[in-house]
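Student: Would you mind keeping the following structure in view while I ask a few things?
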Amino acid sequence: MNIKKMLYSSNEKELLKALEIIAEEQKNKYAKDLFKMLKYENNIIVQEAIINTLKQLNLENIPDELFLNLLSDEKLLLKEFALSLLSISKKIKVLGKLIESEDKDIRKYALDGLYRTKEKEAIKYIAKCLNDPDINNQIAAIEYLGLLGANEYAEEISEKLKTAKNPFLITTILETLSLIGNEKTDKIIDEKIKKLNKPYLIIPYSKYIFSRKNVFECIDFFANNKHKKMIINDFLEYIFRNYKNIKIYQKLKNKLGEILIDILKSEDFDTYKYDILIVLNNLFEDEIEDILKENIKYLNDEGIMAAVEIVNERKLTSLKEDLQEVKEKFSEEVRAIIDDVFLEMKEW
């Protein structure tokens with residue numbers, strides 16, 4: 001069977017069969033031919049078959065120029081494919097060269113490819129775009145350095161915050177420094193935020209606080225924040241991660257309990273009542289029974305489901321009367337679940 005003859009056949013079935021054999025048997029020697037074919041092939045079915053075949057081959061010996069030729073092609077599919085191959089084969093130096101391209105889009109392709117390699121070696125090339133002429137490439141570089149844990153660039157990134165005016169740039173810097181920041185960058189951020197009072201900063205700044213500050217500072221931050229509804233989700237996630245640390249400080253635990261019980265009573269936080277009760281259950285032992293009794297009337301369907309779970313978990317038979325009093329205001333499904341718990345109580 002002449003694979004090369006089949007590969008260049010005008011018969012599509014023969015060509016596709018050749019590609020199938022090359023992929024299955026990993027015939028790497030045909031990789032260069034496939035690159036050349038891909039450049040000029042217009043049949044989308046054949047194009048995709050060539051691409052899928054190349055992904056199965058070892059491309060270490062493919063000249064860099066063949067990758068670069070695909071990247072310079074006008075077809076977006078080929079650009080994306082070349083980028084994917086460069087990332088998969090971890091041709092970091094080739095991608096690093098592309099960072100110096102005059103074309104901002106090529107630089108962005110290179111940035112994406114370098115990040116996809118997940119290699120430490122890629123970091124120094126990504127960092128070159130911290131001062132890219134294109135603001136979107138700067139933003140991508142900052143994001144990728146954070147995701148790759150490039151702590152050595154934290155201070156350089158924080159310095160950009162001093163003059164940054166673009167909202168997306170500022171929020172990306174905050175998100176990145178929440179991952180790789182240090183005490184020096186914390187000071188720069190605190191100084192910058194004092195000068196800004198912008199709605200778009202509320203969520204990224206809260207994420208930064210919940211990543212960088214201790215439990216006392218985080219709880220104070222939430223307690224004094226005027227935008228609790230906007231940051232409640234991140235706050236609850238923070239508490240789920242740190243409730244064991246909070247429990248050892250009685251005063252702090254009680255303070256947090258008061259904050260959560262207060263918002264449990266508000267209809268503004270209906271979406272979060274399930275999570276709030278679960279957090280309270282994690283924080284408090286004997287007190288959870290009274291918390292449920294005093295606040296059961298404020299619960300919606302999601303909240304009462306959490307209450308039922310807690311009652312069932314802790315075998316709180318004393319809550320039967322309270323559940324009975326509020327049962328009728330809930331959906332049929334929830335009422336059925338409450339009735340199931342009443343049956344289970346007989347066996348406790």
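Since every read-out is calculated from the coordinates, none of them should be taken as a lab result. Keep in mind the model is a prediction, meaning the values are calculated, not measured. All Cβ positions, even for glycine, are placed from backbone atoms using ideal geometry, and neighbour counts span all protein chains on display.
Student: Read phi for every residue in segment 144-152 and hand back ³J(HN,Hα) as whole Hz from Karplus 6.51 cos²θ - 1.76 cosθ + 1.60, θ = phi - 60°, with x for Gly and Pro.
Tutor: Rounded to whole hertz, the list is 5, 5, x, 5, 8, x, 7, 4, 5.
Student: For Cα extents along the principal axes in Å, the listed values are [x] 100, 41, 33; [y] 89, 58, 31; [z] 83, 53, 30; which was obtained by calculation from the structure presented?
Tutor: [z]
Student: What list of ³J(HN,Hα) couplings, whole Hz, do you get for segment 234-242 from phi and the Karplus terms 6.51, -1.76, 1.60, once you set θ to phi - 60° and write x for glycine and proline?
Tutor: 5, 5, 5, 4, 5, 5, 4, 6, 10
Student: I'd like to compare 15-26, 237-248: which one has the highest average count of other Cβ atoms within 10 Å, and what's the full order after that? It would help to have the intermediate numbers written out before the result.
Tutor: On the way: 15-26: 17.0, 237-248: 15.1.
Going from most to least packed, we get 15-26, 237-248.
Student: Further question: How big is the dipole moment of the chain about its Cα centre under a simple scheme where the beta carbon of each Lys and Arg is +1, that of each Asp and Glu is -1, and everything else is neutral? Debye, nearest 20, please. Before the final figure, lay out each step's value.
Tutor: Working: 56 positive and 63 negative charges, 329 e Å.
The calculated dipole for the chain is roughly 1580 debye.
Student: Determine the relative contact order of segment 88-147: mean sequence separation of Cα pairs under 8 Å and six or more apart, normalised by residue count, in whole percent. Display every interim value, and only then the final one.
Tutor: Working: 63 pairs, mean separation 17.9, N = 60.
With pairs under 8 Å counted, the relative contact order is 30 percent.
Student: Kindly provide the trypsin sites (Lys or Arg not before Pro) of segment 279-330 that DSSP labels as loop, not H, G, I, E or B, and whose Cβ sees at most 15 other Cβ atoms within 10 Å. All intermediate terms of the calculation are to be shown ahead of the outcome.
Tutor: On the way: sites: LYS293, LYS297, ARG314, LYS315, LYS320, LYS327, LYS329; in loops: LYS315.
In loop regions of segment 279-330 (DSSP not H, G, I, E or B), the sparsely surrounded trypsin sites (Lys or Arg not before Pro) are LYS315.
Student: Taking the Cβ of ASN295 as the centre, find all other residues whose Cβ is under 11 Å away and add up their charges (Lys, Arg: +1; Asp, Glu: -1).
Tutor: Working: positive: LYS265, LYS273, LYS293, LYS297; negative: ASP262, ASP290, GLU294, ASP322.
Overall, the nearby charge balance is 0.
Student: Oh, and also: Ignoring everything except DSSP H segments at least 4 long, calculate the 222 nm mean residue ellipticity for the chain; use -39,500 (n - 2.57) per segment, divide by total residues, nearest 500.
Tutor: Details: 22 runs with 243 residues, N = 348.
That comes out to -21000 deg cm²/dmol.
Student: Name the residue from ALA127, GLN56, LEU34 whose Cα lies farthest towards the positive end of the charge dipole of segment 2-127, charges +1 on Cβ of Lys and Arg and -1 on Cβ of Asp and Glu.
Tutor: So the residue we want is ALA127.
Student: For every other residue with a beta carbon closer than 15 angstrom to the beta carbon of ILE189, add +1 if it is Lys or Arg and -1 if Asp or Glu, then tell me the sum.
Tutor: Working: positive: LYS160, LYS162, LYS184, LYS187, LYS192, LYS194, LYS195, LYS198, LYS207, ARG212, LYS213; negative: GLU155, GLU156, GLU159, GLU175, GLU183, ASP186, ASP190, GLU191, GLU217.
Taking every other residue near ILE189 into account, the sum is +2.
Student: Can I ask one more? For the chain, set up a GNM with springs between Cα atoms under 10 Å and report which of ILE88, ILE203, ILE99 has the largest fluctuation.
Tutor: ILE88
Student: Can you list which of the GluC sites (Glu not before Pro) found in segment 54-129 are DSSP loop residues with at most 10 other C-beta atoms within 10 Å? Please list the in-between numbers first.
Tutor: On the way: sites: GLU60, GLU65, GLU74, GLU80, GLU100, GLU102, GLU119, GLU121; in loops: GLU60, GLU74, GLU100, GLU102, GLU119.
Hits after loop and neighbour filter: GLU60, GLU74, GLU102.
Student: Rounded, prolate or oblate: pick one for segment 231-277, where a ≥ b ≥ c are the square roots of the eigenvalues of its C-alpha gyration tensor, a/c under 1.5 means rounded, and failing that, prolate if a/b is larger than b/c, else oblate.
Tutor: Details: a/c = 2.70, a/b = 1.53, b/c = 1.76.
Oblate is the answer for segment 231-277, as a/c is 1.5 or above yet b/c matches or exceeds a/b.
Student: Distance from the Cα centre of segment 6-67 to that of segment 186-259, in angstrom?
Tutor: When both Cα centres are located, 54 Å separates them.
Student: I'd like the Karplus ³J(HN,Hα) series for segment 263-280: coefficients 6.51, -1.76, 1.60, θ = phi - 60°, whole numbers in Hz, and an x wherever there's a Gly or Pro.
Tutor: The phi angles translate into 6, 4, 7, 9, 5, 4, 10, 3, 4, 10, 5, 4, 5, 4, 5, 5, 5, 4 Hz.
Student: Still on this structure, please answer the following. Using unit Cβ charges (K, R positive; D, E negative) and no other charged atoms, how large, in debye to the nearest 20, is the dipole of segment 196-348 about its Cα centre?
Tutor: Numbers: 24 positive and 30 negative charges, 219 e Å.
Here segment 196-348 has a charge dipole of around 1060 debye.
Student: Let me have the relative contact order for segment 201-348, percent, based on Cα pairs under 8 Å that are six or more residues apart.
Tutor: 18
Student: How big is the dipole moment of segment 1-56 about its Cα centre under a simple scheme where the beta carbon of each Lys and Arg is +1, that of each Asp and Glu is -1, and everything else is neutral? Debye, nearest 20, please.
Tutor: Working: 10 positive and 8 negative charges, 56 e Å.
Dipole magnitude for segment 1-56 comes out near 260 debye.
Student: Still on this structure, I have one more. Given Cα pairs under 8 Å that are at least 6 residues apart, what percent is the relative contact order of the chain?
Tutor: Details: 339 pairs, mean separation 23.9, N = 348.
Value for the chain: 7 percent.
Student: How about segment 165-201: which trypsin sites (Lys or Arg not before Pro) there lie in a loop by DSSP and see at most 11 other Cβ atoms within 10 Å? Present the calculation step by step, with values, prior to reporting the outcome.
Tutor: Numbers: sites: LYS165, LYS184, LYS187, LYS192, LYS194, LYS195; in loops: LYS165.
Here the sparse-neighbourhood loop sites are LYS165.
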